[in-house]
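The values are calculated or read from the model by the stated rules, or taken from the named source; none is laboratory data. Everything numeric in this text was worked out from a predicted model, so none of it was measured. Neighbour counts are summed over all protein chains in view; Cβ atoms, including those assigned to glycine, are modelled from backbone coordinates with ideal geometry. Surface areas here come from the heavy atoms of the whole protein model, side chains and all, with no ligands, DNA or RNA. Shrake-Rupley method; radii C 1.70, N 1.55, O 1.52, S 1.80 Å.
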Amino acid sequence: DCAYPAATPAIAEVDGEGVGPWVSTVGRILTITALGDQMVPNNAYSGPSATTAPYNQKKVPRHYGFGPTKGTGSVTIGGVNAIVTGWSDTTITVIVPIIPSSASTCPIQQQAQYGGPGALGVTNAVCGELVITTNAGQQSVDTVTVTVGGKAPTHVAASGSIQAAIDAAKPGDLIIVDPVTPASNGVPAVQAVHQEMLLMWKPVRLQGVGAASSVINANTHPAGKLDDWRQRVTCLFGLGLNGSPTTWDGACGSGWFGFNATPNNPQVDRLPLEATVGWDANLNGNLAELLQEPSLMGALEGAGITVLAKGADFHGANPFDPTLLAGFPTGTTLLTSSTCGTTAGPNPFPSSFQCNPSSIDGLSITNSSQGGGAIFVHGWGHNLQIANARIYNNSGTL
């Protein structure tokens with residue numbers, strides 16, 4: 001039985017200043033809407049031949065509310081009690097408390113050059129897990145991360161493209177995935193289902209309003225849906241469409257904010273000894289070829305969210321030198337937090353996850369049938385936080 005136990009205080013949506021769990025400062029009102037009545041898979045179902053309840057029921061109803069009264073119930077954010085200003089079975093309203101920096105789950109701040117703290121009027125961001133405890137003592141299993149302060153978020157409408165928002169975002173931006181219809185007066189939101197396979201190729205904060213209401217459906221159908229994904233991957237790794245670095249065209253990332261790759265400096269990096277170029281008997285022979293079919297990262301392609309990142313500085317050397325057998329050139333150094341540029345100056349590696357905050361939170365990812373499964377972090381994803389995500393009905397090659 002994988003569903004929440006009955007009467008678990010589960011959420012449909014959390015809203016602060018506008019849609020989503022973000023407020024500009026402490027003292028703002030946060031509105032939490034319950035998931036309410038849900039039909040969940042019946043673990044006692046015995047098949048179509050069963051005639052007696054509950055064994056003949058594929059699904060059974062469960063109620064996921066907050067309880068009619070607060071009583072001894074509570075709401076905390078980052079472990080700090082929030083003052084409850086309203087409590088019903090469907091809705092809770094609270095005042096966002098002061099979250100000490102020591103309790104914040106977002107220690108890395110967005111760089112000022114991208115609109116983070118240090119930019120005009122922008123304060124440091126603090127954040128914490130929202131936890132609800134009912135009068136009966138039952139506690140929420142997963143909710144959302146609440147962010148207080150920092151740069152205002154970018155919103156993706158239900159009809160919009162999350163991938164387009166990632167491409168246009170500045171490193172460290174908070175991207176909130178809005179529902180079709182926001183929750184109102186205790187009525188849960190109409191969930192937004194995005195038919196996408198995302199490439200998170202720079203550090204951003206993907207934030208759902210609640211996993212029940214912000215959904216990524218990574219189904220590969222209709223045919224051809226993966227074509228754009230494959231072209232983006234080869235572009236980001238510095239290869240042409242034929243798999244060769246010699247045919248790479250930097251115009252492939254035209255219009256993507258922070259795309260600054262050059263022939264010897266791919267936007268994102270493979271792992272040391274990862275065979276990304278061609279068939280080579282010294283790189284596990286035809287196994288390397290099979291793992292790449294029908295494209296780069298073939299055996300791991302098409303996850304609901306694929307996280308790619310920059311992790312090394314080749315200092316102008318050729319990372320595709322065939323004599324290196326997929327090794328890194330002599331003199332290669334790993335990127336650290338000290339290689340992020342000055343607070344006001346350029347960031348030489350926008351796809352380095354060392355320099356800006358990144359997270360995947362409050363989302364559902366479902367129906368991925370490709371190699372990568374639901375969420376695949378390829379490498380160099382330093383400091384990435386994944387929380388409050390509902391991962392279901394996914395499969396993968398490995």
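For region 135-158, the candidate set comprises residues that are of a type in the set (Val, Ile, Thr) and part of a strand (DSSP E or B); within that set, the residue that is surrounded by the fewest Cβ atoms within 10 Å (Cβ to Cβ) is Thr154.
From the list Thr323, Thr343, the lone residue that is β-branched (Val, Ile, Thr), open to solvent by 60 Å² or more (accessible area, probe 1.4 Å), part of a loop (DSSP other than H, G, I, E, B) and modelled with pLDDT under 95 is Thr343. Selection over region 16-64 of residues that are open to solvent by 10 Å² or more (accessible area, probe 1.4 Å) and under 17 Å from Asp89 (Cα atoms) gives a count of 8.
The set of residues in region 183-200 being part of a loop (DSSP other than H, G, I, E, B) and either aromatic (Phe, Trp, Tyr) or open to solvent by 50 Å² or more (accessible area, probe 1.4 Å) (or both) consists of Asn185, Pro188, Gln191, Gln195. Put simply, of Gly331, Gly302 the only residue that is out of contact with any strand residue (DSSP E or B) (no Cβ under 8 Å at 6 or more places or on another chain), within 30 Å of Leu226 (Cα to Cα) and assigned to a loop (DSSP other than H, G, I, E, B) is Gly302. Looking at Pro9, Pro97, just one residue is open to solvent by less than 30 Å² (accessible area, probe 1.4 Å), within 17 Å of Ala211 (Cα to Cα) and not in a strand (DSSP E or B), and that residue is Pro9. When restricted to residues that are assigned to a strand (DSSP E or B) and free of Cβ contacts under 8 Å to residues at least 24 places away in the same chain, region 24-58 contains 1. Out of Ile77, Ile132, one residue alone is within 25 Å of Ala192 (Cβ to Cβ), in contact with an Asp or Glu (Cβ under 8 Å, 6 or more places away or on another chain), crowded, with 18+ Cβ neighbours inside 10 Å and modelled with pLDDT of 95 or more. It is Ile77. Only one of the numbered conditions (1) within 30 Å of Val40 (Cβ to Cβ); (2) out of contact with any Ser or Thr (no Cβ under 9 Å at 6 or more places or on another chain) is violated by Asp178, and that is (2).
Scanning region 221-262 for residues that are in contact with a Leu (Cβ under 6 Å, 6 or more places away or on another chain) and at pLDDT below 90, we see that the one that is least open to solvent (accessible area, probe 1.4 Å) is Thr234. Reported count of residues in region 362-398, each being under 21 Å from Gln109 (Cβ atoms) and in a strand (DSSP E or B), is 3. Cβ-Cβ distances below 9 Å connect the following pairs, each with a first residue in region 225-236 that is on the phi < 0 side of the Ramachandran plot, a second residue that is surrounded by fewer than 17 Cβ atoms within 10 Å (Cβ to Cβ) and part of a helix (DSSP H, G or I), and a separation of six or more residues or different chains: Cys235/Gly250.
When Ala53, Ala3 are checked against the criterion of being over 25 Å from Ser184 (Cβ atoms), over 30 Å from the mean Cα position of the chain (by Cα) and modelled with pLDDT under 95, a single residue qualifies: Ala53. Considering only residues that are open to solvent by less than 20 Å² (accessible area, probe 1.4 Å) and over 11 Å from the mean Cα position of the chain (by Cα), look in region 166-182 and name the one that is modelled with the lowest pLDDT. The residue in question is Pro179. What number of residues within region 114-125 satisfy the criterion of being surrounded by fewer than 19 Cβ atoms within 10 Å (Cβ to Cβ) and in contact with a Gly (Cβ under 7 Å, 6 or more places away or on another chain)? Looking only at that region, the number is 4. Looking at this structure, is Gly67 part of a loop (DSSP other than H, G, I, E, B) and open to solvent by 30 Å² or more (accessible area, probe 1.4 Å)? The answer is no for Gly67. Residues of region 202-218 include none that is over 16 Å from Ala165 (Cβ atoms), without any contact (Cβ under 8 Å) to a residue 12 or more places away in the chain, out of contact with any helix residue (DSSP H, G or I) (no Cβ under 7 Å at 6 or more places or on another chain) and aliphatic (A, V, I, L, M).
For every residue, the table says whether it meets (1) assigned to a helix (DSSP H, G or I); (2) out of contact with any Pro (no Cβ under 9 Å at 6 or more places or on another chain).
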| residue | (1), (2) |
| --- | --- |
| Pro203 | no, no |
| Gln207 | no, no |
| Ala212 | no, no |
| Asn219 | no, yes |
| Pro222 | no, yes |
| Asp227 | yes, yes |
| Arg230 | yes, no |
| Thr246 | yes, no |
